[in-house]
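A short reminder: the numbers here are calculations on the coordinates, not readings from a lab. Given the structure is predicted, the values throughout are model-derived calculations rather than measurements. Cβ coordinates were reconstructed from backbone atoms using ideal geometry, including for glycine residues, and neighbour counts include every protein chain displayed.
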Amino acid sequence: MTVSSINTERLIERIFTLGEVGKDGSGRRTRLAASSEDKTGRDLVASWMEEAGLRLVVDRIGNQFGIWETEENRGRAPVMTGSHIDTVINAGRYDGCFGVISAIEVVQALKDAGFKPVRPIMIGVFTNEEGVRYSPDMMGSVVYAGGYPLEKALATVGIDGTVLGDELKRIGYAGTVEPGFISPYAFIELHIEQGPILEAEGFDLGAVENLQGISWQEIIIEGRQNHAGTTPINMRIDAGLAAAKVNVFLRELCNASGGKTVSTVGCMELKPNAINVIPDRAIFTVDLRNPDEKTLKAAEKALADYLTELEKSDGVKISTKRLSRFEPVLFDDDIVKMVEESAKRRGLKCRRITSGAGQDAQMIARLCPSAMIFVPSHNGISHNPDEFSENKDLIGGAEVLLDVIRELSIR
Ligand code: GLV
Ligand code: MN
Ligand code: MN
């Protein structure tokens, strides 16, 4: 049986409906993991899953699942799909949500068509993919895959001083089932590209074949607090200046790699943070990425060596704390080919692509053959309220998701 389409109007409508959740007074959308806004989003998704007749399960790390199983396929390893609905601060509406909502539409379309999958189909909405409030990122999926201890994850203290486990209880999403309670047969995640390549090169779709490694650390530089007007330049131990030098060093490292290595200093705090006081502390984060593990390791070493040099040259004291470290991932070639073949059948121009972003699929890939589908992001803008993908591209991606899930579910 071929089931060729989903309810495209409802897909788009739901992306916009979920996109309204978590907007503050000035219209900024922020739905951090396990926040009250996240709860509202989760409840909405749960209602859509219920409407699609799925069995709802929440595990102990708060991953939310909707499972479609029948008398005939119960107990078989399911085809898993899904993504996340937590967001960064002042986020767009598509990141993560597109994959979750499309998955619900795919299951609904298959059910409506009377399709009989040989395997159950399971949709996952993973906790704290963004890692903004609690580190590491992709937390729900890495715990599910057994790559990070559950108790440690639940005890994580967030940037606002909250504890993840307490927050999950507060919002009613601390489930009782152990993460990893079902071992999937395969995993496929649909997501926006969040980068400029597909649009710039005129492609409709990306078959994601790999994902770059991600290294997150926090760096604390200690200097000496002193008067901004009276302290001679050559007598300062300026933590803020040293932090700025690290940021410039990182950019030069990226330039020297021909742009293959990317790095970002996304958080920076100076203490005491006063206009006329030389800062005695700079606390900042470094996000460093490369698709090649050896090169990423070399970049981490170059940064560590530079910090040692800086201690000597600037008289500062530097300490580092690892927040997160994930190696690059290669996706399953059979599933990547399925994506390419579906795109071809549907007349969509498709190329293989690397995910620059971290994804839940990279964690679930530890459990089963996995891959991803990307749709173009306008101007490559993401983690920004201007994030935008054309409806036709969203629909194309969701239809390829439908094909791949259908095909995997009868294997
Ligand atoms: C997740 O969005 C990441 O790549 O940081
Ligand atoms: Mn995402
Ligand atoms: Mn994101």
* Length gained when the stretch residue 40-residue 352 is fully extended (0.36 nm per residue, less Cα-Cα span) -> 108.7 nm
* To do: Please report 220, 89, 278 as a ranked list, fewest other C-beta atoms within 10 angstrom at the top and most at the bottom.
  => 89, 220, 278
* Asked: Does region 115-247 come out rounded, prolate or oblate, given a ≥ b ≥ c as the square roots of the eigenvalues of its C-alpha gyration tensor, rounded meaning a/c under 1.5 and, failing that, prolate meaning a/b above b/c?
  -> oblate
* Asked: When only DSSP loop residues count, what GluC sites (Glu not before Pro) in region 67-129 have their Cβ near at most 12 other Cβ atoms within 10 Å?
  -> 71, 72
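Given contacts defined as C-alpha pairs under 8 Å and at least six residues apart, what's the relative contact order of region 123-245, whole-number percent?
Here the relative contact order equals 12 percent.
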* Check residue 156: other-chain or 5+ apart residues with amide H under 5 Å from its amide H, H built from backbone geometry? -> 164, 165
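For a distance above 13 Å, tell me the whole-number percent of Cα pairs in region 191-255 that qualify. Present the calculation step by step, with values, prior to reporting the outcome.
Values: 1615 of 2080 pairs.
Roughly 78 percent, rounded to a whole number.
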* For region 56-136, run through the trypsin sites (Lys or Arg not before Pro) and keep only the ones in DSSP coil with at most 10 other Cβ atoms within 10 Å of their Cβ. => 74
* Asked: Hey, rough spin-label estimate for residue 308 and residue 227, points 7 angstrom out along Cα→Cβ, what's it come to in nanometres?
  -> 3.9
* What order do you get for 363, 139 when you list them from fewest to most C-beta neighbours inside 10 Å? -> 363, 139
* **Exposure proxy ranking, count of Cβ atoms within 10 Å, fewest first, for 197, 237** => 197, 237
* At q = 0.08, 0.09, 0.11, 0.13 Å⁻¹, work out log10 I(q)/I(0) for the chain with the Debye formula, treating every Cα as an identical point scatterer and leaving solvent out; two decimals please. => -0.45, -0.56, -0.81, -1.08
* Structure fact -> With -39,500 (n - 2.57) per DSSP H segment of 4 or more residues and division by the full residue count of the chain, the 222 nm estimate, nearest 500 deg cm²/dmol, is -11000 deg cm²/dmol
* Asked: Against the longest principal axis of the chain, how steep is helix 97-112, in degrees 0 to 90 to the nearest 10, with axes from Cα atoms?
  -> 10
* To do: Scan around residue 267 for amide H atoms under 5 Å from its own, H built in the peptide plane at 1.01 Å from N, and keep only partners 5 or more places away or cross-chain.
  => 285
* **Interchain or long-range residues, amide H under 5 Å from residue 226's placed H** => 278
* Structure fact -> Beyond 22 Å (Cα-Cα) in this structure, taken from 260/337; 23/152; 301/321; 116/392; 169/321; 39/111, we find 260/337; 23/152; 116/392; 169/321; 39/111
